[in-house]
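Just so it is clear, none of the values below were taken in a lab; they were calculated from the coordinates. These numbers were taken from a predicted model, which means no experiment stands behind them. Reconstructed Cβ throughout: ideal geometry from the backbone, glycine too, with neighbour counts over all protein chains shown.
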Amino acid sequence: MAASTPPRLYRDFESQAQIDAQYDTARPVADPAAARQHLAERSAQARMGLRCALDVPFGPTLAETLDIFPAAAGAPAPVFVFLHGGYWRANTSKEFSCVALGPQALGFCTVVVNYALCPQVSIDEIVRQCRASLAWVLRHIEAYGGDPTRIVVGGHSAGGQLGAMCLQTPWARDYGLPDDPLRGALLLSGLYDLAPLRYSYLQPMIQLDDGVIARNSPAFSARRCTTPMHLVWGGREQPEFERQSLLMHSAWQAAGNVAEQAALPGCDHFSVLHGLEDPQSDLCQRLLRLST
């Protein structure tokens, strides 16, 4: 009798351990504690060295705040709105102030978004909060020297998913704003197909079900949109992060939209962010092109 084929959880994955190995972001990193310390130290330097308005409220809950780093000069300035990662259940805006360093040197106003976390709220609610944060920026960033017609949304990891979801917002219906108001999207190591995470160590915290996955997997709901999207991941990340970005890239193009994709050689899930500290990096140069 022929051996039976083992059941699959998702695609070619037969066990939670296999999925966990692909989505454990610290796994390929030599020293995860040092990687997190780098972000913390550089973020503290950004808050100390750059002009900033911290914890600016944009919504009705205490978690809905913005850290705004106005451009040093030259208003109206292009705007970079950054959505942090943490698998929707960890981190705050403060760990990612460092993403303002490179854009600041290029004349950007940078906004780092804080939002509520799972399991206190659902991923649906986090998406709503991030969309509301962008609506606030569109309406109010001029007061901080920003140009509301030159906003680039960025995101890392779960923030990549949140950024992609923001591009698919019914802006006119939900916010009374023009459709496709964003100039570009720079999404790093994002998660655009949530289905495998249902079978991972994250499930007790993020509580995925069929409806949550369908509503919040932007690779399967791409629509026509005039906003170009750049999808970037680290060359040392697990294959699933490459698959996720390529899937979103294909979906965005298939919907008739402009998309670019690139792997950054030698970068892991944490160091892929370092380019946002350097105005001459590939990431900051992409940001500059997207804003024009």
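Taking the range 217-259, which residues are over 25 Å from ALA26 (Cβ atoms) and among the hydrophobic types (A, V, I, L, M, F, W, C)? PHE220, ALA222, CYS225, MET229, ALA251, TRP252, ALA254, ALA255, VAL258, ALA259 - these are the residues of the range 217-259 that are over 25 Å from ALA26 (Cβ atoms) and among the hydrophobic types (A, V, I, L, M, F, W, C). Of all the listed residues (VAL153, VAL137), the sole one being under 25 Å from VAL212 (Cα atoms) and either buried (at least 21 other Cβ atoms within 10 Å of the Cβ) or under 13 Å from the mean Cα position of the chain (by Cα) (or both) is VAL153. For the range 237-265, a residue qualifies if it is farther than 15 Å from SER157 by Cβ, surrounded by 17 or more Cβ atoms within 10 Å (Cβ to Cβ) and in contact with a strand residue (DSSP E or B) (Cβ under 9 Å, 6 or more places away or on another chain), and the qualifying residues are HIS249, ALA251, TRP252, ASN257, ALA259, GLN261, ALA263.
Table: residues versus (1) of a type outside the set (A, V, I, L, M); (2) without any contact (Cβ under 8 Å) to a residue 40 or more places away in the chain; (3) under 30 Å from ASP147 (Cβ atoms); (4) touching a strand residue (DSSP E or B) at 6+ places or on another chain (Cβ under 7 Å).
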position: GLN18; (1), (2), (3), (4): yes, yes, no, no
position: ALA33; (1), (2), (3), (4): no, yes, no, no
position: GLN37; (1), (2), (3), (4): yes, yes, no, no
position: GLU41; (1), (2), (3), (4): yes, yes, no, no
position: GLN45; (1), (2), (3), (4): yes, no, yes, no
position: PRO57; (1), (2), (3), (4): yes, yes, yes, yes
position: LEU62; (1), (2), (3), (4): no, yes, yes, no
position: THR65; (1), (2), (3), (4): yes, no, yes, yes
position: PHE69; (1), (2), (3), (4): yes, no, yes, yes
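Suppose we keep only residues that are part of a loop (DSSP other than H, G, I, E, B) and of a type in the set (A, V, I, L, M) within the range 156-211. Which one would you say is farthest from the chain's Cα centre (by Cα)? Of everything passing the filter in the range 156-211, LEU177 is farthest from the chain's Cα centre (by Cα). Exactly one residue out of GLY74, GLY49 is free of Cβ contacts under 8 Å to residues at least 24 places away in the same chain, over 21 Å from PHE241 (Cβ atoms) and small (Gly, Ala, Ser), and it is GLY49.
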